[in-house]
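A short write-up of the structure that comes next.
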Amino acid sequence: MIIKGRVWKFGDDISTDHIIPGKYKFKTIDLDELSKHLMEGVDPNFYSKISKGDIIVAGKNFGCGSSREQAPLIIKHAGIAAVVAKSFARIFYRNSFNIGLPVIESKDLVDYVNTGDIIEISLTDGKIYAKDMIFDFKPIPDFLMKILEDGGLVEHYKKRGKFPWE
Amino acid sequence: MGMTLIEKIIYGKIERHSSPGEIVVLPIDAAMAHDGTAPLMIKSFEEMGAKKVWDREKAIFVIDHISPSSNEGTSTLHKMMRDFAKKHGIKLYDVGEGVCHQILPEMGYVFPGAVVVGADSHTCTHGAFAAFATGIGSTEMAAVFASGKLWFKVPESIKININGKMKEHVTSKDIILHIIGEIKADGATYKAVEFTGNTIREMSMDSRMVMTNMVVEMGGKTGLMPSDEKTRAFLEGRIKVPFKELKADENAYYSDELEVEADKLEPVVSCPHSVDNVKPVSEVEGIEVDQVFIGSCTNGRLEDLRMVAKILKGKKVKARTIVMPASREVLLNAIKEGIIEDIIMAGCALGVPGCGPCVGGHHGIPSPGDVVVATTNRNFKGRMGIADAYIYLASPIIAAYAALNGKIIYPR
Ligand code: SF4
């Protein structure tokens, strides 16, 4: 799986409240509607600036706070191809695989790239190519990779008739 | 090598030793989703083509986040939950029953050794009962509802040993805020945080739950406390399984250990806009306060309301103050003790048991520029429904004094 795209850079501790304020999620589960508010807590016009295939690169503890799955869902729905961060909050990390959004931990990438740079991620090899540098990351466990390839846990179950742990 | 508390709970389920980093599959004893997460869970459950809920007794819905509903969109989502609950014969706690994390222990879903998952990040609260409890997302919850199992990575454990008698006006909230200020918002990411020491032993269950509740604010996977006589007293008559004492072995391995001298601590607050921005109350004294919120799964229990009523009794609040008991049981007991009368007579607004202003979804949203003191667990920008509000997290004591004086003061 190769992902190539343009970087949008963010800082540390981006919470799910920043990604999608709680007030919206109680009213609808319509992703077209919710996506318009993507990253509203940090950059109110973010949704209008991005294009399909872009990549979010952030600091530590990305996705902290509430367990709302709407956060990774609208990131994916808005067309973001992957999120690379120094570290992720654990529920956000699990949720991302379950809905089919690739998320990658890289301690150093964020300090090296800027918004607008083009990077390439090879999920299978565990490498990120940015300008003249290559950053390695820990390969994603097999069963999570399968969920990702199937497009999330729902599709995985539909396709295989059982969960990875059954 | 001995086992940490979480390793013991896992051992109880798979009947063999496990070590940190290993992936294990555990059977689930209780699985909960609320009105913020259940609608997506239902959607995933149906899209998967799952036919039935694995165990009707162990799957729970709670309507607490926007409760009662304030708009048509939410009402439609609530109906979706009620329809699902009816179709599958699962229990739904509806409007007015209270916050999910208070209801689960009250209704006997939580016990020492249990594995509890909630589609809510503060599910770690239930670790106060020596359970392994953690938050998951909606799609995973759909998978749990269908299969009754889930995979977990066995976490490393951190031990926080707390000893000493707290000074007057210092509560378990001050201890946990102090710890988060030290460890920071991501300091315990993926880890199990185990609390021990004589300060914990002396604490009521109400106080203990405040601490495990906030473990996720330092990134923790779950918070845990050994079970003892106090755990037993709370659970008696509520749980269906026999009670057991559960604690870590003396020679268990911890990736980190922290000592806290509770007798040296002062009252503290988390300042805007992050939970780990912790300062002693004495440093922020005098800041004018527009709104006070007392409630939530952190500090909306009977003991909290008792502290508040004691301070407010016979006086009048200066700041706009909203009080919301964490559950119907808490409210009823507070009425019986005369606490509610004291609180209302002091000029507070009483809300329906539920999450209320904590999450900024329906009511109690601060006005632009407001300074808020809340007994809740998060003060991120926009958390209470408006970006232009400045939220200080505090104990019920500090909140009650702020209500009374219209500003943050150090209680003397
Ligand atoms: S009271 Fe607040 S923190 Fe607790 S479950 Fe409700 S919204 Fe979440």
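Take region B:310-337 and flag every residue that is within 17 Å of B:Thr376 (Cα to Cα) and within 16 Å of the ligand (Cβ to nearest atom). Answer for region B:310-337, where residues must be within 17 Å of B:Thr376 (Cα to Cα) and within 16 Å of the ligand (Cβ to nearest atom): B:Ile322, B:Val323, B:Met324, B:Pro325, B:Ala326, B:Ser327, B:Val330. Within the option set B:Gly356, B:Gly351, B:Gly347, being within 15 Å of the ligand (Cβ to nearest atom) and open to solvent by 10 Å² or more (accessible area, probe 1.4 Å) holds for one residue only, B:Gly351. Restricted to region B:226-330, the set of strands (runs of 3 or more DSSP E) holding at least 3 residues that are in contact with a helix residue (DSSP H, G or I) (Cβ under 8 Å, 6 or more places away or on another chain) comprises B:268-270, B:291-295, B:320-324. Please verify whether region B:188-205 includes one or more residues that are open to solvent by 20 Å² or more (accessible area, probe 1.4 Å), outside any strand (DSSP E or B), among the aliphatic types (A, V, I, L, M) and at pLDDT 95 or above. No, every residue in region B:188-205 fails to be open to solvent by 20 Å² or more (accessible area, probe 1.4 Å), outside any strand (DSSP E or B), among the aliphatic types (A, V, I, L, M) and at pLDDT 95 or above. Of all residues in region B:347-364, those that are within 11 Å of chain A (Cβ to nearest Cβ) have Cβ atoms under 6 Å from Cβ atoms of residues that are of a type in the set (Ser, Thr, Tyr) and in a helix (DSSP H, G or I), 6 or more apart or on another chain, in B:Cys358/B:Ser296. Condition test on B:Met41, is it assigned by TED's automatic domain parsing to the domain that holds B:Tyr254, in contact with a Cys (Cβ under 7 Å, 6 or more places away or on another chain) and within 16 Å of the ligand (Cβ to nearest atom)? Against the criterion (assigned by TED's automatic domain parsing to the domain that holds B:Tyr254, in contact with a Cys (Cβ under 7 Å, 6 or more places away or on another chain) and within 16 Å of the ligand (Cβ to nearest atom)), B:Met41 does not qualify. Given the structure, is B:Lys51 at pLDDT below 95 and assigned by TED's automatic domain parsing to the domain that holds B:Thr134? So B:Lys51 fits the description; yes.
Considering B:Val170, B:Val154, B:Val116, the condition of being in the same structural domain as B:Lys247 (by TED's automatic domain parsing) and under 14 Å from the mean Cα position of the chain (by Cα) is satisfied by B:Val116 alone. Condition check: closer than 26 Å to B:His101 by Cβ and among the hydrophobic types (A, V, I, L, M, F, W, C). Does B:Ile408 satisfy that? No: the conditions fail for B:Ile408.
Within region B:360-371, does at least one residue satisfy the condition of being among the acidic types (Asp, Glu), in contact with a Gly (Cβ under 7 Å, 6 or more places away or on another chain) and part of a loop (DSSP other than H, G, I, E, B)? Within region B:360-371, none of the residues are among the acidic types (Asp, Glu), in contact with a Gly (Cβ under 7 Å, 6 or more places away or on another chain) and part of a loop (DSSP other than H, G, I, E, B).
Residue check: A:Thr16 meets all listed conditions (1) open to solvent by 80 Å² or more (accessible area, probe 1.4 Å); (2) under 30 Å from B:Ile42 (Cβ atoms); (3) in contact (Cβ under 8 Å) with a residue 60 or more places away in the chain but one, namely (1). For region A:69-92, the count of residues that are within 30 Å of B:Ile42 (Cα to Cα), in contact with a Cys (Cβ under 8 Å, 6 or more places away or on another chain), among the aliphatic types (A, V, I, L, M) and open to solvent by 10 Å² or more (accessible area, probe 1.4 Å) is at least one.
Each residue in region B:32-64 was checked for being of a type in the set (Gly, Ala, Ser) and more than 7 Å from chain A (Cβ to nearest Cβ), and 4 pass. Only one of the numbered conditions (1) away from the ligand (no atom under 16 Å from the Cβ); (2) more than 21 Å from B:Ala326 (Cα to Cα); (3) surrounded by 19 or more Cβ atoms within 10 Å (Cβ to Cβ) is not met by B:Met307, and that is (2).
Scanning region B:58-68 turns up one or more residues that are open to solvent by 10 Å² or more (accessible area, probe 1.4 Å) and farther than 19 Å from B:Phe132 by Cα. Within region B:392-409, none of the residues are within 29 Å of B:Ser75 (Cβ to Cβ), away from every other protein chain (no Cβ under 14 Å) and in contact with a Leu (Cβ under 7 Å, 6 or more places away or on another chain). B:Ile398 - would you say it is over 20 Å from the mean Cα position of the chain (by Cα), open to solvent by less than 20 Å² (accessible area, probe 1.4 Å) and not assigned by TED's automatic domain parsing to the domain that holds B:Ile175? So B:Ile398 fails the test. With respect to the conditions (1) within 14 Å of chain B (Cβ to nearest Cβ); (2) touching a Pro at 6+ places or on another chain (Cβ under 8 Å), A:Ile121 falls short on a single one, namely (1). Filter region B:13-26 down to the residues that are surrounded by fewer than 15 Cβ atoms within 10 Å (Cβ to Cβ) and either within 28 Å of the chain's Cα centre (by Cα) or touching a residue at least 12 places away in the same chain (Cβ under 8 Å) (or both) and list them by number. Result: B:Ile14, B:His17, B:Ser19, B:Gly21, B:Glu22, B:Ile23. Scanning region A:33-51 for residues that are away from chain B (no Cβ under 14 Å) and open to solvent by 50 Å² or more (accessible area, probe 1.4 Å) returns A:Lys36, A:Asn45, A:Tyr47, A:Ser48, A:Lys49, A:Ser51.
Close contacts from region B:64-78, counting a first residue that is more than 16 Å from A:Ile29 (Cα to Cα) and a second that is among the β-branched types (Val, Ile, Thr) and open to solvent by 20 Å² or more (accessible area, probe 1.4 Å), with Cβ to Cβ under 7 Å and a gap of 6+ residues or different chains, come to B:Ser67/B:Val95; B:Ser67/B:Val352; B:Pro68/B:Val95; B:Pro68/B:Val352.
Yes/no matrix, rows are residues, columns are (1) at positive phi; (2) modelled with pLDDT under 95; (3) open to solvent by 10 Å² or more (accessible area, probe 1.4 Å):
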position	(1), (2), (3)
B:Val110	no, no, no
B:Ala119	no, no, no
B:Lys149	no, no, yes
B:Lys153	no, yes, yes
B:Ile162	no, no, no
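Restricting region B:82-105 to residues that are part of a helix (DSSP H, G or I) and either closer than 18 Å to B:Asn333 by Cβ or touching a residue at least 60 places away in the same chain (Cβ under 8 Å) (or both), the residue that is farthest from the ligand (Cβ to nearest atom) is B:Pro105.
The values are calculated or read from the model by the stated rules, or taken from the named source; none is laboratory data. Please read all numbers here as calculations on a predicted model, not as lab measurements. Glycine also receives a Cβ, built like all others from the backbone with ideal geometry; neighbour counts cover every protein chain displayed. Keep in mind that these areas ignore ligands, DNA and RNA; they rest on the heavy atoms of the full protein, side chains included. Shrake-Rupley method; radii C 1.70, N 1.55, O 1.52, S 1.80 Å.
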